[in-house]
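Single-structure report; data block below.
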Amino acid sequence: MKEIVVISGKGGTGKTSVTASFARLAGEEVVVADCDVDAADMHLLLNPDFGYSEDFYSGEVSFIDQSNCTRCGICANTCRFDAISFTRGAYRIDPISCEGCGYCARVCPTGTIINKPRLSGKWHISNIRTGSLMVHAKLDIGADNSGKLVAKVKNEAKELALEERKSYVLVDGPPGVGCPVVSSLSGANFVVLVTEPTLSGLHDLKRVYELVKKFHLKAGCIINKADLNPEQCAAIRKFLEEENIPHLADFPYDEDFSRAITQGTTIVEYTNGNLKQLLAESWEKIKELTN
Amino acid sequence: MKIAIASGKGGTGKTTLSTNLAAFLAEREEVVLVDLDVEEPNSAIFFNRPPEHEEVIYKQIPQWDESKCTLCGICSKVCNFHAIIQLGPSIVVFPELCHSCYACSGLCPEGALPMVPKRTGRLAGFQAGNLHFVEGRLDIGEEQAVPAIAKAKKYASQKFGASITTIYDSPPGTSCPVIEAVKDADFVIMVTEPTPFGLHDLKLAVETVRKFGMPFGVVINRHGIGNEDVEAYCREEEIPVLAKIPNSRRMAELYSSGKLIYKEIPELRNTLQEVADACFAAVKGGVQ
C-alpha cells in the first residue's frame, strides 16, 4: 500500500479538483483522505455518507472555577497567550486564545483552575460514490492542532487501506508549508505538486518543494492553467528541470474546473474532452512513479 | 483602521484584493499593507521592490543548563506539548513542539531552563510612495505560523500607529493562524468565489469572524462562473456584498505576471472605491 499526497503551497491551484478526479479514476483501488481539515471541500464532489463519525479531542483548555477564585491575578500574569483577562468582576479564560499549556493551573494558589480535554473537531469514515472509502474531518473554528487532526485522518486512512487491501491512500493536502502540511507529508511515498503559471504559484511551489526535499520525498508536478502565462510556465518548467522533478502534465486554463465543482462532480465525470484524457494519463504516470 | 482580508478557501483572490486596494488607496493617503500569509507570502510580488528593512523573527524556547539541572523531571511533567523530555542523564528540547508557554522554565526549581530566542522566520518591509509594506515569512521546516504573524502585526502597529489605514492580507483556513491575523481587525473583508467550494468555505469564515463580532462583508470574485448560491446565502444571513469582481481571464493573466489589475483595467477603480467606502462606513457607523 502506497501513499500519494497532493499539495500545492498556494491555495486555489486546483488541488481538490485534481485529487477528486484521481479518486474517481482509481475507483476501488484507493482510500481517499481529505487532509485540508481547515477548509475541507472534497466531500462536495464525492458524496460521502458520513457512515462513521467520532469526536476529535486534542490538547486541553483551562477553566476557572469562579467560586474558589480569590482574584489574585497570578494566572493572568503567568499566561503568555493573553488568554486570561479581568472582565465583569472576574478573571476569565478566553478558550480561543488559550493554548492549553496548563501553566495557569499549576501556579494558581487555590487550585481553582482545571484543565479539560479540548474538543477540536470531528472526523468521519464514509462510503463514497466511487465505490471506495474516504476519511475526512472538520476542525472546529479557531482550533489549534490542525496538524494532529491531519495525522489522525491520515492514519485512519492508512489502516483502512491495509484492512481493505487497497493499493493506495490518496491524500488531498492543505495549502501552505506549516504544521498541517508537514503532517500530511510525513510517510508519503509520492508527492503530487499542483501549481499554476503565476509568479505566486512558482514562488509558493519553490517553498513547498524545499519542504518536500527536507523529507527526501519523491515528487512530480502538474502545471494547471498552463496556457495562462507562457513566460511563467517556462519558468516553472525550468525550475522542474533544475530540480529533476518529473513534469507530469500541463492542464489548460479551463472553466470546466469551476463548472464541475458547481455540478458537485469531478472533472473526469463532467467532461469527455481533452482534460479527462490528461487527468487519466497523469494518474497512470503517478502510479508508475510511486511503485 | 485595520482591515483584514480573509477567506476560508485559498486562491479566491485575497492577495489580489489586498494589493490592489492598498495601492489604490495609497494614491491619496498613507496605507500600510501587512502580508500575514506567512507560510506563502505573495503580496510583495506585486510591488517588486527589495526590502529596505529586515529582521529575524524569533520564538522563545527553553535551553537546558546542564550545570544547574538536578534531573528532577518537573520540566517534562509540566510540558503539555511533549516538547521537553528527559533522556537518560540529559534534558532534550524539541523546538518545533514548543509553544513558548514558559511553564518548564518558570517552574524549574533550579532555574536550569532559561528561555532563549530561536529563529522561525524573517520580517521584511519597504516603502513605495505612500504605501508601507510589511511581510512576515516563516522559515521552511518551521511549523508554527502564529509567532511570525504576531510579530509582523506588532512591528506594523508600533511603527505606523493605529490611525493609519492598515490592510492585513490574511492566511487561508479557519484555524489558529487566521485567528491571530483577524482578531483585532476593525473590519473583515471575505473574498469568495461563487462555487460550492467558495460557499462552503465562506460559511466557515463567517462562523470564524462572528466569534469576534467585528463588522464584515463579502467580495465575490470571479462573478459569473458557478451559481447564485453565495449571493442567496449573503442575503439570507444579511451579510453585505461589498463588490462583485467579474470572472475574467484577463485579470488572471495580469495577476500571473505580478501586475496590479486596477492599473490595467480602470473599471476596477470604482469597485475598489466601493469596497473602501463600505469598510469606512461600517467602522464609523458601527453598522452590521
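A compact table of results
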{"quantity": "Entirely in segment B:216-288, the helices (runs of 4 or more DSSP H) that have 3 or more residues that are over 25 Å from A:K225 (Cα atoms)", "calculated": "B:229-236, B:267-285"}
{"quantity": "Of all residues making up segment B:191-215, the number that are assigned to a helix (DSSP H, G or I), farther than 28 Å from B:P266 by Cα and not aliphatic (A, V, I, L, M)", "calculated": "8"}
{"quantity": "Matching entry among A:P197, A:P174 (being at the interface with chain B (Cβ under 8 Å from one of its Cβ atoms), open to solvent by less than 30 Å² (accessible area, probe 1.4 Å) and touching a Lys or Arg at 6+ places or on another chain (Cβ under 7 Å))", "calculated": "A:P197"}
{"quantity": "Residues within segment A:96-119 that are out of contact with any Ser or Thr (no Cβ under 8 Å at 6 or more places or on another chain), surrounded by 15 or more Cβ atoms within 10 Å (Cβ to Cβ) and either of a type outside the set (S, T, Y) or under 28 Å from A:N155 (Cα atoms) (or both), tallied", "calculated": "5"}
{"quantity": "Unmet requirement for B:F47, which otherwise passes all of (1) touching a Lys or Arg at 6+ places or on another chain (Cβ under 6 Å); (2) open to solvent by less than 40 Å² (accessible area, probe 1.4 Å)", "calculated": "(1)"}
{"quantity": "Failed condition for A:K122, given (1) away from every other protein chain (no Cβ under 14 Å); (2) in contact with a Ser or Thr (Cβ under 7 Å, 6 or more places away or on another chain); (3) surrounded by fewer than 24 Cβ atoms within 10 Å (Cβ to Cβ); (4) of a type in the set (K, R)", "calculated": "(1)"}
{"quantity": "Residues of segment B:163-190 classified as under 30 Å from A:S58 (Cα atoms) and among the hydrophobic types (A, V, I, L, M, F, W, C), total", "calculated": "8"}
{"quantity": "Residue in segment B:112-158 that is nearest to the other protein chains (Cβ to nearest Cβ), counting only those that are in contact (Cβ under 8 Å) with a residue 60 or more places away in the chain and polar (S, T, N, Q)", "calculated": "B:Q144"}
{"quantity": "Subset of segment A:168-195 (residues that are closer than 21 Å to A:N244 by Cβ and in a loop (DSSP other than H, G, I, E, B))", "calculated": "A:V177, A:A188, A:N189"}
{"quantity": "Total residues in segment A:248-291, condition surrounded by fewer than 16 Cβ atoms within 10 Å (Cβ to Cβ), in contact with a helix residue (DSSP H, G or I) (Cβ under 8 Å, 6 or more places away or on another chain) and more than 14 Å from every other protein chain (Cβ to nearest Cβ)", "calculated": "2"}
{"quantity": "Only listed residue being of a type in the set (G, A, S), more than 14 Å from every other protein chain (Cβ to nearest Cβ) and either open to solvent by less than 10 Å² (accessible area, probe 1.4 Å) or touching a Leu at 6+ places or on another chain (Cβ under 7 Å) (or both), chosen from A:A39, A:A83, A:A33", "calculated": "A:A33"}
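Residues are listed down the side, and each one gets a yes or a no for (1) at pLDDT below 95; (2) within 23 Å of A:D94 (Cβ to Cβ); (3) assigned by TED's automatic domain parsing to the domain that holds B:S7; (4) open to solvent by 10 Å² or more (accessible area, probe 1.4 Å):
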{"site": "B:Q144", "(1), (2), (3), (4)": "yes, yes, yes, yes"}
{"site": "B:Y155", "(1), (2), (3), (4)": "no, no, yes, yes"}
{"site": "B:G161", "(1), (2), (3), (4)": "yes, no, yes, yes"}
{"site": "B:I167", "(1), (2), (3), (4)": "no, no, yes, no"}
{"site": "B:D186", "(1), (2), (3), (4)": "no, yes, yes, yes"}
{"site": "B:E193", "(1), (2), (3), (4)": "no, no, yes, yes"}
{"site": "B:F197", "(1), (2), (3), (4)": "no, no, yes, no"}
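The values are calculated or read from the model by the stated rules, or taken from the named source; none is laboratory data. Quick caveat: nothing in here was measured; it's all calculated off a predicted structure. Glycine gets a Cβ as well: all are built from the backbone with ideal geometry, and neighbour counts include every protein chain shown. Just the protein is used for accessible areas: all its heavy atoms, side chains included, with ligands, DNA and RNA removed. Shrake-Rupley method; radii C 1.70, N 1.55, O 1.52, S 1.80 Å.
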